[in-house]
1. For the list (1) outside any loop (DSSP other than H, G, I, E, B); (2) open to solvent by less than 40 Å² (accessible area, probe 1.4 Å), I need the number of the one condition that F94 fails.
2. Which pairs do you get when a residue that is touching a residue at least 40 places away in the same chain (Cβ under 8 Å), found in segment 36-48, comes within reach of a residue that is in a helix (DSSP H, G or I) and of a type outside the set (F, W, Y), reach meaning Cβ atoms under 9 angstrom, with the pair 6+ apart or on two chains?
3. Out of the residues in segment 20-36 that are assigned to a loop (DSSP other than H, G, I, E, B) and open to solvent by 30 Å² or more (accessible area, probe 1.4 Å), which is nearest to L93 (Cα to Cα)?
4. Can you find even one residue in segment 57-79 that is touching a Pro at 6+ places or on another chain (Cβ under 6 Å), open to solvent by less than 50 Å² (accessible area, probe 1.4 Å) and either at negative phi or at pLDDT 90 or above (or both)?
5. Quick check on this structure: which one of T17, T13 is β-branched (V, I, T) and in a loop (DSSP other than H, G, I, E, B)?
Amino acid sequence: CPFIQVTGIPSPTCYLTRATSYALQGHLIQSVNYHLFGPIVAILLLLWSINSIKKREINLKGLNISRFLFTMITLVLYWLIRLCITYGFGINLFPDAI
């Protein structure tokens with residue numbers, strides 16, 4: 001991750017790919033341990049894939065600015081909470097990072 005290389009701290013999406021992968025394999029506890037958004041991204045990815053296969057097109061019509069902003073704000077708030085707990089209280093919420 002370039003962000004962690006430059007800043008020394010994990011980015012808001014660090015471990016999200018691993019968490020999504022674990023969720024898609026049915027390992028929900030491991031998924032949540034890596035990133036809380038992992039199961040959510042997995043479910044959305046599955047729903048989007050099924051919809052795209054049914055319609056035989058890649059449908060991006062569900063994306064709008066309000067949903068995007070809500071998602072980004074929630075992701076950054078979750079990241080800030082993880083940073084505060086990890087670096088403020090010494091409880092590591094970033095597996096493999098520290």
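1. The one condition F94 does not meet is (1).
2. L36/A19; L36/R82; F37/L16; F37/A19; F37/T20; F37/T71; F37/T74; F37/L75
3. Looking only at segment 20-36, we keep the residues that are assigned to a loop (DSSP other than H, G, I, E, B), and these are 25-27, 35-36.
With the extra rule that they be open to solvent by 30 Å² or more (accessible area, probe 1.4 Å), the set shrinks to 25-27, 36.
Numbers: Q25: 22, G26: 21, H27: 18, L36: 10 Å.
So the residue we want is L36.
4. yes
5. Working: T17 fails: in a loop (DSSP other than H, G, I, E, B).
Sole residue among the options that is β-branched (V, I, T) and in a loop (DSSP other than H, G, I, E, B): T13.
Residues are listed down the side, and each one gets a yes or a no for (1) at negative phi; (2) hydroxyl-bearing (S, T, Y); (3) under 15 Å from the mean Cα position of the chain (by Cα); (4) open to solvent by 50 Å² or more (accessible area, probe 1.4 Å):
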| site | (1), (2), (3), (4) |
| --- | --- |
| P10 | yes, no, yes, no |
| I40 | yes, no, yes, yes |
| I53 | yes, no, no, yes |
| I81 | yes, no, yes, yes |
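The values are calculated or read from the model by the stated rules, or taken from the named source; none is laboratory data. Computed from a prediction, not measured in an experiment: that's the story for all the values here. Virtual Cβ from ideal backbone geometry, glycine too; neighbours counted across all protein chains shown. Heavy atoms of the whole protein, side chains included, go into the accessibility calculation; ligands, DNA and RNA do not. Shrake-Rupley method; radii C 1.70, N 1.55, O 1.52, S 1.80 Å.
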